[in-house]
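Since every read-out is calculated from the coordinates, none of them should be taken as a lab result. Note that the coordinates shown come from a computational prediction; the quantities given were computed from them, not determined experimentally. Because the Cβ atoms are built from the backbone with ideal geometry, glycine has one as well, and the counts that use them run over all protein chains shown.
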């Protein structure tokens, strides 16, 4: 038991010590772990394959240089397929119906505090300003 | 009306009211909705070595594109010039707000001055059809394509 | 793997001297290089950057599409159907894949 605990603590330390690539997105579990360990804002992105507005976000907005930079600095993105079993459970839990949806959380004493939510596609400029607003509301450096 | 279109319609209404301000300011300046000459200029210089002011708006160029597109990923455009085929060298197409404003270039050599394709438009902005003539003129038709913002239910 | 090209004439058999619309559809993702996949990684650019249209081996049109052309692109032209002949379409993408398709234009 003690050994297992050590391994667990060890792996958590490793997570915080190693370089995490915040330019990409992670499954929900991994992303929330990174948000906790690195004190980042968790952005849960619900998408679906069939939705043209998600495609628009993926092609033009989430890949935009300024948007990517903002996300890379302060956020960690959880990529959730809203049609998957995990995605359905998470969207019910987070009351995120429809795609694209973005729900923001900040780690707070072992739990999560919702910091904002967005539904629907938007332009690059608008999405960027909303990210900055959420970042500023949460506080800290590097909100752009 | 199914659920998806309903959500889209309501999202559209919200977006519509948000866009209203931007639209009014665009109209006040006399420009097309989403116009971004500074960004367009990059593409024009790179591809044609020309500036926006070197392009001549012309009725001889007909550009057919939707005024509203559900997705910017697949916007049909059709360009036709009412000029003799042997006077047209090439057709170029740009969109003001794309990171890379050039959408395509097509060089014509024996076909009629017509071209149709489907393009990607990053966000609400004018699409510019530029017909290059053999005697070095650049004739232009512009039309704004509004890329709707919204979501799926 | 060769790129698949479809060619259609409209009308299928024009009368001599009529206008005919040549519709070319190519099966290709036309990855613009800016799209993020499900894990947020940017999918490398892979689009067709050259399409050649030849009539009886003479180049009649050349398209330089780019990241701004949609997936499974359509390229449509109009020409005067002066005589029967063979239309050939060739294309290549950024990865060096190529495609070729011939279609016979017959007059009514």
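Numbers for the structure displayed
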read-out: Computed label-point distance, nm, for sites residue B:60 and residue A:88 using a 7 Å Cα→Cβ extension; value: 6.1
read-out: Cα gyration tensor, the stretch B:55-133 - rounded (a/c under 1.5), prolate or oblate; value: prolate
read-out: Approximate spin-label separation residue C:86-residue B:82, in nm, with each point projected 7 Å along Cα-to-Cβ; value: 4.0
read-out: Alpha-carbon centroids, the stretch A:27-73 and the stretch C:77-108: separation in whole Å; value: 43
read-out: Ranking of B:138, A:105 by count of other Cβ atoms within 10 Å, fewest first; value: B:138, A:105
read-out: Residue B:50 versus residue A:132: modelled label distance in nm, points set 7 Å from Cα along the beta carbon direction; value: 3.6
read-out: Relative contact order computed over chain A (Cα-Cα under 8 Å; 6+ residues apart), in percent; value: 27
read-out: Whole-Å semi-axes of the ellipsoid equivalent to the stretch B:16-147 (Cα gyration tensor, √5λ, descending); value: 25, 16, 13
read-out: Shape box of chain C [Cα atoms, principal axes, largest first, Å]; value: 54, 21, 20
read-out: DSSP bridge orientation in chain A - percent antiparallel, rounded to nearest 5; value: 60
read-out: Cα-based Rg of the protein assembly as shown normalised by 2.2 N^0.38 Å, two decimals; value: 1.15
read-out: For residues of C:27-39, the mean tally of beta carbons on other chains within 10 Å; value: 5
read-out: Exposure proxy ranking, count of Cβ atoms within 10 Å, fewest first, for A:49, B:92; value: A:49, B:92
read-out: Projected-area mean, the stretch A:20-138, by convex hull of Cα positions, square nanometres; value: 6.6
